[in-house]
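A.B. asks: This structure is in structure tokens; I'll ask about it shortly.
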Amino acid sequence: MKCADIQIQNEQETRAGFGEGIFEAGNANENVVVLTADLAGSMKIAPFIKKFPERFVQCGIAEANMIGIAAGLTIGGKIPYTTTFANFSTGRVYDQIRQSIAYSGKNVKICASHAGLTLGEDGATHQILEDIGLMKMLPGMTVIVPCDFNQTKNATKAIADYEGPVYLRFGRPKWPNFTKEDGSDFVIGKAQQLSEGNDVSIFACGHMVWKAIEAGKALEEKGYSVDLINIHTIKPLDEEAIIKSISKTKCAVTVEEHNIIGGLGDSIAQVASKHLPIPIEYIGTKDTFGESGKPLDLLKKYGLDTPFIIDAAEKVMKRK
Amino acid sequence: MKSTDQLKNIASQVRRDIVRMVHAVQSGHPGGSLGCADFLTALYFNVMEHKPEFLMDGRNEDVFFLSNGHISPVFYSVLSRAGYFDVKELATFRKINSRLQGHPTTHEHLPGVRMASGSLGQGMSVAIGAALAKKLNGDKHLVFSLHGDGELDEGQNWEAIMFAAHHKVDNLISTIDYNGQQIDGTTKDVMGLENLKDKFIAFNWTVMEMNGNDMDDVIAGLAKAKSLTGKGKPVCILMKTIMGKGVDFMEGHHEWHGIAPNDEQLAKALAQLPETLGDY
């Protein structure tokens with residue numbers, strides 16, 4: 001099980017995976033309701049709207065109201081999926097999510113596209129890099145960050161049958177699609193082992209999983225064996241998988257399209273410090289806002305591209 | 001169905017509960033609670049079809065959402081007097097390990113509460129969601145909600161007001177406690193509501209006015225509101241109340257929004273409120 005064996009099937013947007021997933025979830029369960037705040041096009045939900053117009057709720061540009069309506073819909077047994085950009089899904093409506101969804105324990109699925117730097121040209125107002133932290137801090141909130149089209153589609157379907165509030169984070173650009181179409185490699189709360197090795201653990205989520213695979217391939221060519229794990233579920237965290245990995249490798253790199261403060265890296269570090277303190281290097285934005293630009297140029301500028309992961313892995317192995 | 005006199009008696013006991021609960025922990029919000037005692041009593045004892053055995057999904061019954069959650073004392077008293085839980089539990093209000101939190105919550109599984117409220121401005125959205133679910137479920141029952149007038153400062157209300165009219169949420173009756181008071185002073189001084197009736201009309205709601213401290217008017221007003229549902233528009237009741245109603249030295253004073261009476265004030269208040277159902 002090596003990074004070198006992982007093959008791209010095609011390149012597709014993760015948000016398109018959401019669009020297909022929600023259509024199938026709507027077909028499978030008549031309680032699934034979709035809400036949007038004037039972003040039906042961007043969220044790729046047109047097929048759902050066409051087939052289930054009575055189960056689609058257009059809220060206009062009013063995200064706070066959308067969150068409250070979703071909470072209310074659960075009371076009648078509905079499974080509401082709210083859809084908008086990640087920034088407007090979280091920071092803009094934090095108190096609404098906190099009181100009306102999390103504290104009230106409502107079965108709402110908060111589905112957020114255009115997360116992170118790879119949103120690109122719209123710039124920092126839209127590129128939220130703090131949302132994983134915001135959401136994982138809420139008691140009872142499940143946080144899922146799928147890595148590609150197939151996984152986003154499968155996660156979208158899986159959360160319909162998963163009781164409780166969920167934050168599902170995905171993005172805008174076309175991105176390598178490599179996980180299984182049938183979703184047999186995706187279980188909520190169970191880390192996905194992508195390669196096995198003894199020299200370094202790499203924990204990644206979202207778009208950055210593919211960047212970590214590229215880094216893993218390069219490290220393997222250099223003779224290292226890499227334990228690469230996709231932490232698609234940031235919360236509840238698969239602590240067992242993390243401890244098992246770092247017990248072998250004794251060092252780790254965390255990779256996320258998010259501020260290193262409050263994101264995946266912090267979660268991994270907390271597990272490590274509690275069970276097995278090891279050196280860790282963090283790939284993510286360094287407590288900064290983003291800016292306009294092409295997605296890949298931004299990943300390079302902010303230190304998230306493949307060469308930075310390779311460097312971090314070599315550095316952390318020396319720190320053992 | 002209770003007679004007007006019976007409802008007045010219940011409301012008197014509810015008011016006693018309110019001042020006693022707030023006095024016992026020296027915290028809580030008596031002013032708005034007292035002002036809304038008649039409304040909530042009528043709602044739970046005469047107007048709503050509801051099931052005190054309580055199921056969260058509220059199917060095939062009318063449901064109520066308290067958006068201005070700080071008037072929890074009146075909500076808890078009415079729920080307990082209506083049979084949702086033992087009135088003895090009112091003695092735990094705002095104390096550690098209680099289901100009767102300072103602001104209502106589902107977190108402690110108190111029967112009768114379907115949504116946390118306290119952070120203001122969120123209840124109308126939730127009520128709309130529940131009303132939409134009723135429509136999807138083919139459930140003809142209604143959704144009631146209560147909001148403070150000061151609470152309308154929160155912008156989310158206006159998102160919800162716009163939405164409810166646009167989507168013809170006509171199984172919703174939202175009542176505004178129009179007492180003209182908020183924590184820092186009168187609504188006129190803090191943030192003027194101007195012509196609230198015209199605002200709701202402009203948003204395409206059906207708007208009614210009602211004296212929330214006249215039991216006959218409350219009963220007639222709520223009956224009329226019910227008759228106006230199902231006609232393509234949400235219904236708003238602008239309910240005039242007096243903050244602190246029933247306790248003369250509290251009446252009309254915003255200072256009693258969120259402070260508790262001392263021992264002497266409690267005695268004075270209770271002397272004005274006949275014990276009709278037995279204190280908890």
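A.B. asks: Go through A:G60, A:G41 for me and flag whichever is within 11 Å of chain B (Cβ to nearest Cβ), in a loop (DSSP other than H, G, I, E, B), surrounded by fewer than 19 Cβ atoms within 10 Å (Cβ to Cβ) and modelled with pLDDT of 95 or more.
C.D. replies: Selected residue: A:G60, the only one of A:G60, A:G41 that is within 11 Å of chain B (Cβ to nearest Cβ), in a loop (DSSP other than H, G, I, E, B), surrounded by fewer than 19 Cβ atoms within 10 Å (Cβ to Cβ) and modelled with pLDDT of 95 or more.
A.B. asks: Give B:T92, B:T105 a once-over and let me know the one that is within 26 Å of B:E154 (Cβ to Cβ) and either within 14 Å of another protein chain (Cβ to nearest Cβ) or not acidic (D, E) (or both).
C.D. replies: Sole residue among the options that is within 26 Å of B:E154 (Cβ to Cβ) and either within 14 Å of another protein chain (Cβ to nearest Cβ) or not acidic (D, E) (or both): B:T105.
A.B. asks: Here's a follow-up. So is A:Y167 touching a residue at least 40 places away in the same chain (Cβ under 8 Å) and either under 14 Å from the mean Cα position of the chain (by Cα) or on the phi < 0 side of the Ramachandran plot (or both) or not? Outline the logic, then answer.
C.D. replies: On the way: touching a residue at least 40 places away in the same chain (Cβ under 8 Å): yes; either under 14 Å from the mean Cα position of the chain (by Cα) or on the phi < 0 side of the Ramachandran plot (or both): yes.
Against the criterion (touching a residue at least 40 places away in the same chain (Cβ under 8 Å) and either under 14 Å from the mean Cα position of the chain (by Cα) or on the phi < 0 side of the Ramachandran plot (or both)), A:Y167 qualifies.
A.B. asks: What number of residues in the stretch B:36-67 are small (G, A, S) and more than 25 Å from B:N9 (Cβ to Cβ)?
C.D. replies: 2
A.B. asks: If you don't mind, there's one more thing I want to ask. Can you tell me which of (1) in contact with a strand residue (DSSP E or B) (Cβ under 7 Å, 6 or more places away or on another chain); (2) more than 26 Å from B:G150 (Cβ to Cβ) is the one B:D263 doesn't meet?
C.D. replies: Unmet for B:D263, out of (1) in contact with a strand residue (DSSP E or B) (Cβ under 7 Å, 6 or more places away or on another chain); (2) more than 26 Å from B:G150 (Cβ to Cβ): (1).
A.B. asks: How many residues are in contact with a strand residue (DSSP E or B) (Cβ under 8 Å, 6 or more places away or on another chain) and within 17 Å of B:A133 (Cα to Cα) when one looks only at the stretch B:169-188?
C.D. replies: So the answer is 5.
A.B. asks: When you check A:G290 against the structure, is it free of Cβ contacts under 8 Å to residues at least 24 places away in the same chain, within 27 Å of A:F149 (Cβ to Cβ) and surrounded by fewer than 24 Cβ atoms within 10 Å (Cβ to Cβ), yes or no?
C.D. replies: Values: free of Cβ contacts under 8 Å to residues at least 24 places away in the same chain: no; within 27 Å of A:F149 (Cβ to Cβ): yes; surrounded by fewer than 24 Cβ atoms within 10 Å (Cβ to Cβ): yes.
The answer is no for A:G290.
A.B. asks: Here is a check on your reading of the model: is A:I97 among the β-branched types (V, I, T) and assigned to a loop (DSSP other than H, G, I, E, B)? Talk me through it step by step, then tell me what you get.
C.D. replies: Numbers: among the β-branched types (V, I, T): yes; assigned to a loop (DSSP other than H, G, I, E, B): no.
In short, no.
A.B. asks: Let me ask something else about it. Could you list all residues from the stretch B:98-124 that are more than 19 Å from A:D95 (Cβ to Cβ) and surrounded by fewer than 24 Cβ atoms within 10 Å (Cβ to Cβ)?
C.D. replies: B:S98, B:R99, B:E108, B:H109, B:L110, B:P111, B:G112
Table: residues versus (1) within 13 Å of chain B (Cβ to nearest Cβ); (2) in a loop (DSSP other than H, G, I, E, B); (3) without any contact (Cβ under 8 Å) to a residue 60 or more places away in the chain.
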residue: A:L35; (1), (2), (3): yes, no, yes
residue: A:F48; (1), (2), (3): no, no, yes
residue: A:A64; (1), (2), (3): yes, no, yes
residue: A:G77; (1), (2), (3): yes, yes, yes
residue: A:P80; (1), (2), (3): yes, no, yes
residue: A:N87; (1), (2), (3): no, no, yes
residue: A:R92; (1), (2), (3): yes, no, yes
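A.B. asks: Still on this structure, I have one more. If the Cβ limit is 6 Å and pairs must be 6+ apart or interchain, which residue in the stretch B:53-67 that is within 11 Å of another protein chain (Cβ to nearest Cβ) and on the phi > 0 side of the Ramachandran plot pairs with which residue that is outside any loop (DSSP other than H, G, I, E, B) and crowded, with 18+ Cβ neighbours inside 10 Å?
C.D. replies: Taking only residues 6 or more apart or on different chains, the pairs are B:G58/A:I75.
A.B. asks: Among the strands (runs of 3 or more DSSP E) confined wholly to the stretch A:233-304, which include 1 or more residues that are in the same structural domain as A:G216 (by TED's automatic domain parsing), over 15 Å from the mean Cα position of the chain (by Cα) and closer than 23 Å to A:A86 by Cβ?
C.D. replies: Per the criteria, A:280-285.
A.B. asks: Kindly establish whether B:S77 is more than 17 Å from B:M124 (Cβ to Cβ) and of a type outside the set (K, R).
C.D. replies: yes
A.B. asks: Now for a separate question. Under 22 Å from the mean Cα position of the chain (by Cα), in contact (Cβ under 8 Å) with a residue 40 or more places away in the chain and buried (at least 22 other Cβ atoms within 10 Å of the Cβ), is that true of B:T241?
C.D. replies: Considered against the rule, which asks whether it is under 22 Å from the mean Cα position of the chain (by Cα), in contact (Cβ under 8 Å) with a residue 40 or more places away in the chain and buried (at least 22 other Cβ atoms within 10 Å of the Cβ), B:T241 comes out as yes.
A.B. asks: Quick one: count up the residues across the stretch A:101-126 that are closer than 16 Å to A:E257 by Cα, surrounded by fewer than 23 Cβ atoms within 10 Å (Cβ to Cβ) and touching a helix residue (DSSP H, G or I) at 6+ places or on another chain (Cβ under 7 Å).
C.D. replies: The qualifying residues number 2.
A.B. asks: Restricting attention to the stretch B:114-164, which residues are more than 7 Å from chain A (Cβ to nearest Cβ), closer than 18 Å to A:V33 by Cβ and in a helix (DSSP H, G or I)?
C.D. replies: Passing the criteria: B:A131, B:K135, B:A164.
A.B. asks: Which residues, counting only those in the stretch A:210-244, are under 16 Å from A:C147 (Cβ atoms), among the acidic types (D, E) and either without any contact (Cβ under 8 Å) to a residue 60 or more places away in the chain or surrounded by fewer than 17 Cβ atoms within 10 Å (Cβ to Cβ) (or both)?
C.D. replies: Of everything in the stretch A:210-244, just one residue is under 16 Å from A:C147 (Cβ atoms), among the acidic types (D, E) and either without any contact (Cβ under 8 Å) to a residue 60 or more places away in the chain or surrounded by fewer than 17 Cβ atoms within 10 Å (Cβ to Cβ) (or both), namely A:D238.
A.B. asks: Mind counting the residues in the stretch A:94-123 that are of a type in the set (A, V, I, L, M) and either in contact with a Leu (Cβ under 6 Å, 6 or more places away or on another chain) or within 11 Å of chain B (Cβ to nearest Cβ) (or both)?
C.D. replies: The qualifying residues number 5.
The values are calculated or read from the model by the stated rules, or taken from the named source; none is laboratory data. If you're wondering where the values come from, they're calculated on a predicted model, not measured in any experiment. All Cβ positions, even for glycine, are placed from backbone atoms using ideal geometry, and neighbour counts span all protein chains on display.
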